[in-house]
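In what follows, a single structure is set out as structure tokens and then discussed.
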Amino acid sequence: MEKLYIAPAFQSRGIGTYVLNTKCCQAAQRGLPTKLSVLTTNPADRFYKRAGFVLEAETLERRRFSKAVSTS
């Protein structure tokens, strides 16, 4: 399990996008989807949706997202 946290002072600079895209590419090279979860109170779910993740499941505490392996 890995976690991605970007300090508020460094958010909105493309750092999270770069790291997330790198991890997604590494998973795709192995033929694997990328999956993650975020607390329902965390606004980062908007970031993941913009990055192409789809909501798979939701509980009162967490939202679970996945991104399919890109065929392009």
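Say whether the condition of being part of a helix (DSSP H, G or I) and either loosely packed, with under 15 Cβ neighbours inside 10 Å or touching a Lys or Arg at 6+ places or on another chain (Cβ under 7 Å) (or both) is met by at least one residue in the range 30-38. No: zero hits. Checking the stated criteria, Gly16 turns out to be open to solvent by less than 50 Å² (accessible area, probe 1.4 Å) and part of a helix (DSSP H, G or I).
Can you find even one residue in the range 53-72 that is part of a helix (DSSP H, G or I) and either basic (Lys, Arg) or at pLDDT 90 or above (or both)? No, because not a single residue in the range 53-72 is part of a helix (DSSP H, G or I) and either basic (Lys, Arg) or at pLDDT 90 or above (or both). Residues in the range 39-52 that are surrounded by 13 or more Cβ atoms within 10 Å (Cβ to Cβ) and assigned to a loop (DSSP other than H, G, I, E, B): Asn42, Ala51, Gly52.
The values are calculated or read from the model by the stated rules, or taken from the named source; none is laboratory data. Given the structure is predicted, the values throughout are model-derived calculations rather than measurements. Here the Cβ is made from the backbone with ideal geometry for all residues, glycine too, and neighbour counts use every protein chain on show. These accessible areas exclude ligands, DNA and RNA; they are computed on the full protein's heavy atoms, side chains included. Shrake-Rupley method; radii C 1.70, N 1.55, O 1.52, S 1.80 Å.
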